[in-house]
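The values are calculated or read from the model by the stated rules, or taken from the named source; none is laboratory data. Quantities reported herein were computed from a predicted structural model and do not represent experimental measurements. Every residue, glycine as well, gets a Cβ built from its backbone with ideal geometry; the counts of neighbours run over all protein chains shown.
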Amino acid sequence: METVKVHLKSQPGNSYDIVIGRGIVDKIPKDLKKAGLVNNYVIITDSNVKKKYGNKLLSKMGKIGLKVSIITFKAGEKSKDRRTKESIENQMLGNGLGRDTLIIALGGGVVGDIAGFVAATYCRGIRYIQVPTTMLAMADSSVGGKTGVDTEFGKNLIGAFHQPTKVYIDTSILDKLSREEMKNGIAETIKHAVIKDKSFFSYLEKNINNLAKKDPEVIDYVTKRNCEIKSAVVELDEKEKGARKILNYGHTIGHAIESASNYTIPHGKSIALGMIAAAKISAKMGFMPMKDLIRQNSLIAAAGLQTKIRDVGTDKIIKALKYDKKNVDGTSTFILPRSIGDVFFKDDVPLGVLKEVISEMK
């Protein structure tokens with residue numbers, strides 16, 4: 001078992017541990033009972049994860065005397081909205097749950113984001129822990145305290161920064177994850193390497209096939225390194241006022257693609273497309289050497305990720321960019337790579353270059 005500490009200098013009391021290991025989901029009930037943080041627990045999960053892990057965790061917690069209930073919503077990105085949040089809150093209120101409640105966010109990124117947002121606002125803020133069940137959530141969304149919901153205008157436009165009390169990452173869960181779901185997490189993993197760690201990028205180049213095949217040694221190393229990179233950035237800038245923005249590499253265009261496709265292109269695959277687009281923009285503007293562009297895009301392709309934008313019009317993507325939450329005075333901020341392991345902010349990308357790159361990716 002490995003532990004990565006998230007040290008939040010501005011609010012040391014909000015610092016927390018990310019515990020990584022195989023089979024640690026089974027240890028959560030006793031760990032929570034020993035900690036004695038609250039009187040009540042509620043597992044928030046989706047309809048798929050409830051069957052796989054939720055009912056088992058509910059039973060184990062109940063058997064050792066913890067007061068626990070479970071709330072479920074329909075699986076999928078389309079459930080990540082204000083209606084679902086309200087429904088969860090109403091069920092919690094109806095069950096008489098107060099501030100002495102801890103939420104267990106059990107699931108992928110959708111569950112983590114919406115359960116974390118409920119925790120941020122319920123009774124003006126309660127504790128929650130993250131128990132991610134997808135590689136995408138293990139690599140990115142379970143760490144850092146970003147919570148939120150989608151709207152008809154775009155992704156994550158309403159939310160809050162609310163750090164978890166703890167994160168439990170059980171890498172054995174990935175043994176049962178589909179190849180397509182693995183790809184989504186690999187996309188965020190490549191992102192971490194491009195923004196921060198060229199040595200990690202080289203490791204991925206050598207081990208991408210073993211990662212896709214779920215080699216336990218590779219999975220465990222990659223999971224820990226993802227958490228280390230994400231944590232280091234969050235520690236510098238908890239609420240994304242500066243340095244943390246680099247974690248949005250690939251997300252400006254990626255979120256626009258995801259939203260414009262009506263979420264038929266999932267998050268990880270959209271981010272991969274966004275990274276390709278960002279690298280192409282950087283190369284066209286004279287920042288990124290062609291050799292590094294080729295390396296990044298070759299690794300994305302080797303991971304089996306989509307490299308062409310299909311069935312989503314250029315104009316629709318450009319329109320979706322207008323609703324990006326990172327916009328300032330209506331201008332999109334792009335994270336562009338100078339090289340593998342080094343990125344920077346750019347807010348004056350010409351519209352012509354943007355349209356040209358998106359058209360080239362058709």
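Consider Y168 carefully, then state whether it is assigned to a strand (DSSP E or B), over 21 Å from L305 (Cβ atoms), out of contact with any Phe, Trp or Tyr (no Cβ under 9 Å at 6 or more places or on another chain) and not β-branched (V, I, T).
So Y168 fits the description; yes.
Yes or no, residue by residue, for (1) of a type in the set (V, I, T); (2) under 24 Å from V143 (Cβ atoms); (3) at pLDDT 95 or above:
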site	(1), (2), (3)
Y53	no, yes, yes
L57	no, yes, yes
G76	no, yes, no
S87	no, no, yes
I104	yes, yes, yes
G109	no, yes, yes
I114	yes, yes, yes
F117	no, yes, yes
I129	yes, yes, yes
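As an exercise: evaluate V68 against (1) closer than 28 Å to H267 by Cα; (2) touching a Phe, Trp or Tyr at 6+ places or on another chain (Cβ under 7 Å) and give the number of the one condition it does not meet.
Unmet for V68, out of (1) closer than 28 Å to H267 by Cα; (2) touching a Phe, Trp or Tyr at 6+ places or on another chain (Cβ under 7 Å): (1).
Looking at region 9-24 only, could you name the residues that are in contact with a helix residue (DSSP H, G or I) (Cβ under 8 Å, 6 or more places away or on another chain) and within 17 Å of V143 (Cβ to Cβ)?
K9, I18, I20, G21
Are there any pairs, at least 6 apart or on different chains, whose C-beta atoms fall under 8 Å, with the first in region 59-78 and assigned to a helix (DSSP H, G or I) and the second surrounded by fewer than 18 Cβ atoms within 10 Å (Cβ to Cβ), and if so, which?
These pairs meet every condition: K60/D26; E77/Y263; K78/Y263.
Looking only at region 1-26, how many residues end up being under 17 Å from V131 (Cβ atoms), in contact (Cβ under 8 Å) with a residue 24 or more places away in the chain and not hydroxyl-bearing (S, T, Y)?
13
Please go through region 281-326 and pick out each residue that is closer than 14 Å to V194 by Cα, of a type in the set (D, E, K, R) and surrounded by 17 or more Cβ atoms within 10 Å (Cβ to Cβ).
Once the filter is applied, which keeps residues that are closer than 14 Å to V194 by Cα, of a type in the set (D, E, K, R) and surrounded by 17 or more Cβ atoms within 10 Å (Cβ to Cβ), region 281-326 yields D292, R295.
Mind checking which residues of region 150-165 are not acidic (D, E) and not in a strand (DSSP E or B)?
The answer is F153, H162, Q163, P164, T165.
State all residues of region 234-269 that are in a helix (DSSP H, G or I), of a type in the set (A, V, I, L, M, F, W, C) and touching a residue at least 40 places away in the same chain (Cβ under 8 Å); if no residue qualifies, say none.
V234, I246, L247, I253, A256, I257, A260
Within region 109-161, which residues are under 22 Å from R244 (Cα atoms) and among the polar types (S, T, N, Q)?
Scanning region 109-161 gives Q130, S141, S142, T147, N156.
Got a sec? Which of D31, D26, D46 is crowded, with 17+ Cβ neighbours inside 10 Å, acidic (D, E) and closer than 28 Å to D220 by Cβ?
None of the others qualify; the one that does is D46.
Does region 145-159 contain any residue that is surrounded by 20 or more Cβ atoms within 10 Å (Cβ to Cβ), in contact with a His (Cβ under 6 Å, 6 or more places away or on another chain), under 24 Å from E228 (Cα atoms) and without any contact (Cβ under 8 Å) to a residue 40 or more places away in the chain?
Yes, that holds for at least one residue.
Output the residues belonging to region 32-52 that are part of a helix (DSSP H, G or I) and touching a residue at least 60 places away in the same chain (Cβ under 8 Å).
L32, V49, K52
Given region 272-362, what helices (runs of 4 or more DSSP H) lie entirely inside it while holding 2 or more residues that are at pLDDT below 95 and more than 20 Å from K183 (Cβ to Cβ)?
It comes to 314-321, 351-360.
Go over the candidates Y263, Y221, Y249 one by one and state the one that is in contact with a Gly (Cβ under 9 Å, 6 or more places away or on another chain) and either under 24 Å from L174 (Cα atoms) or not assigned by TED's automatic domain parsing to the domain that holds Y323 (or both).
The conditions single out Y263.
So which residues in region 111-137 are among the β-branched types (V, I, T), over 19 Å from C227 (Cβ atoms) and surrounded by 24 or more Cβ atoms within 10 Å (Cβ to Cβ), if there are any at all?
I114, V118
Among the numbered criteria (1) touching a residue at least 60 places away in the same chain (Cβ under 8 Å); (2) part of a helix (DSSP H, G or I); (3) β-branched (V, I, T), which one does I88 miss?
(1)
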